[in-house]
1. For the chain, state the semi-axes of the equivalent ellipsoid (square roots of 5 times the eigenvalues of the alpha-carbon gyration tensor), sorted largest first and rounded to whole angstrom.
2. Output the 0 to 90 degree angle, nearest 10, between the alpha-carbon long axis of helix 55-70 and the longest principal axis computed from the alpha carbons of the chain.
3. Say R0 is 35 Å: what FRET efficiency, to the nearest 0.05, do residue 125 and residue 69 get from their beta-carbon distance?
4. What distance in nm separates the simple spin-label points at residue 150 and residue 57, each placed 7 Å from Cα in the Cβ direction?
5. So how tilted is helix 14-23 from the main axis of the chain? Cα-based, degrees 0 to 90, rounded to 10.
6. If the cut-off is 17 Å between C-alpha atoms, which lysines fall inside it for residue 6, apart from same-chain ones fewer than 8 positions away?
7. Setting aside same-chain residues fewer than 8 positions from residue 91, which lysines have a Cα under 27 Å from its Cα?
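Every number here is computed from the coordinates shown, using simple stated rules; none is lab data. Keep in mind that this is a model prediction, so the values were computed, not measured. Cβ placement follows ideal geometry from the backbone for every residue including glycine, while neighbour counts extend to all protein chains displayed.
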Amino acid sequence: MTEGQKLVGVVVSPTKTFAAIDQHPTWMLPLALLVFFNLLTQFVVFKVVATDANFDQIARANIEWNSRETGSRLTPATVEQELETLRRQRKYWYLTPLIGVPFSLLPLSIYLYIVLRVAKAGITFRKVFAVFCWSFLIYRCLGGIVVIAALWIHGSANFFPAPPEA
């Protein structure tokens, strides 16, 4: 099965596709696609939705929402301090997919590999990592396409990044 067939098959024929991945575990294409779609999502969020004009408003709403969810009370000075931290960090947010995608996949893969080795499943780390990479494509890339389309269609007027409904 070619990489292109795996891309389609992971959604339309997962059993056959993951059997092919078991026979020939590849991970570079799905990992590259995961990084690309996460970069694209970051670009849309921080250039189209959370623009320079509305960044403070969205960041402040996010800080306040997080404090309500955790049950903590923030003073106005604390809110301003967190807002200033977010402003400084904003220029580096485009790097997060480059670091975050591999470092979110590696611990999960290592954990499952250890569990499977303890269970004497006779699996290699490469297979486990490949399965995680291809599996993440289903919800990260397809979900990312839906999120990006929704953000471009609906615009930033009602965008609020904290709640799951966003």
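1. Numbers: eigenvalues 266, 78, 34 Å².
Square roots of five times the eigenvalues give 36, 20, 13 Å.
2. 70 degrees
3. Working: r = 36 Å, r/R0 = 1.04.
E between residue 125 and residue 69, to the nearest 0.05, is 0.45.
4. 2.1 nm
5. 60 degrees
6. Within the straight-line limit of under 17 Å, residue 6 reaches these lysines: 16, 127.
7. Straight-distance partners of residue 91: 47.
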